[in-house]
Amino acid sequence: MLGHDKLAFKLSGPLPGAFCMPIKQPNIVVMGVSGSGKTTVGELLAQKIGRPFYDGDDFHPAANVAKMAAGHPITDEDRAGWLATLAGHMQEWENAGGAVLACSALKESYRQTLQAGASLPLGWVFLDTDPAVLRARLEARQGHYMKVDMLASQLETLEKPTYGLHITADLPPEQLVEQAVAQLHLA
């Protein structure tokens, strides 16, 4: 009987590595038009909640970047591959414990594409910003392909979500992050 008891004890104890696997967590998407503060807020939010940060701009193909840098808006067709790439990472990031993604996600169909790649509901943080504030930020921004003359096309394309957390983005980024953490219960 003693051997049987030892076997039972070994099977009922913790499995090796069981506590090393990350818990599957939903991804958070910080969205809005260019100049709304997606990258700044997204990076700070990721640091605050201990998750990796990804900037959707880094996943654009070179052709999209060149088109936008030349002052031409990209089309739904241009965005399709980019959105598919981002959607393809959603479950990977969930399985690794969740991530924060900065992504314009201007249209509902774009958000649905991202959600379709995830197995858990995405957390949405929409940075709603006054167009005058956006214009001033874009005029002051250095070294980014998205210039102020592209703002009008983004505002025309924007379909504000009817869900998720809406934050007026004229506050300091740290305050926006505190609001997101509190309202999404991420603490």
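The values are calculated or read from the model by the stated rules, or taken from the named source; none is laboratory data. Since we're looking at a predicted model, the values are computed, not measured. Note that we place each Cβ from the backbone using ideal geometry, even for glycine, and neighbour counts take in every protein chain shown.
Which one of these does Val133 not meet: (1) of a type outside the set (Ser, Thr, Tyr); (2) within 20 Å of Ser34 (Cα to Cα); (3) under 19 Å from the mean Cα position of the chain (by Cα)?
The failed condition is (3).
Being at pLDDT below 95, surrounded by fewer than 22 Cβ atoms within 10 Å (Cβ to Cβ), in contact with an Asp or Glu (Cβ under 9 Å, 6 or more places away or on another chain) and under 20 Å from Gly123 (Cβ atoms) narrows it down to one residue among Lys38, Lys48, Lys24; which is it?
Testing whether each residue is at pLDDT below 95, surrounded by fewer than 22 Cβ atoms within 10 Å (Cβ to Cβ), in contact with an Asp or Glu (Cβ under 9 Å, 6 or more places away or on another chain) and under 20 Å from Gly123 (Cβ atoms) leaves just Lys24.
Would you mind stating whether Thr168 is in contact with a helix residue (DSSP H, G or I) (Cβ under 6 Å, 6 or more places away or on another chain) and of a type in the set (Ser, Thr, Tyr)?
no
Report yes if some residue within the range 76-91 is polar (S, T, N, Q), free of Cβ contacts under 8 Å to residues at least 60 places away in the same chain and part of a loop (DSSP other than H, G, I, E, B); otherwise report no. Break it down into steps so the answer makes sense when it comes.
Pass one, the range 76-91, residues polar (S, T, N, Q): 85, 91.
With free of Cβ contacts under 8 Å to residues at least 60 places away in the same chain added as a condition, the list becomes 85, 91.
Okay, now just the ones that are also part of a loop (DSSP other than H, G, I, E, B), so none.
Taking every residue of the range 76-91 in turn, none turns out to be polar (S, T, N, Q), free of Cβ contacts under 8 Å to residues at least 60 places away in the same chain and part of a loop (DSSP other than H, G, I, E, B).
Would you be able to tell me the number of residues in the range 149-185 that are touching an Asp or Glu at 6+ places or on another chain (Cβ under 6 Å) and not in a strand (DSSP E or B)?
Total satisfying the criteria: 1.
Residue-wise test of (1) surrounded by fewer than 19 Cβ atoms within 10 Å (Cβ to Cβ); (2) closer than 30 Å to Ala187 by Cα; (3) at pLDDT 95 or above; (4) of a type in the set (A, V, I, L, M).
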site: Ala102; (1), (2), (3), (4): no, yes, yes, yes
site: Pro131; (1), (2), (3), (4): yes, no, no, no
site: His144; (1), (2), (3), (4): yes, no, no, no
site: Val148; (1), (2), (3), (4): yes, no, no, yes
site: Leu151; (1), (2), (3), (4): no, no, no, yes
site: Thr157; (1), (2), (3), (4): yes, no, no, no
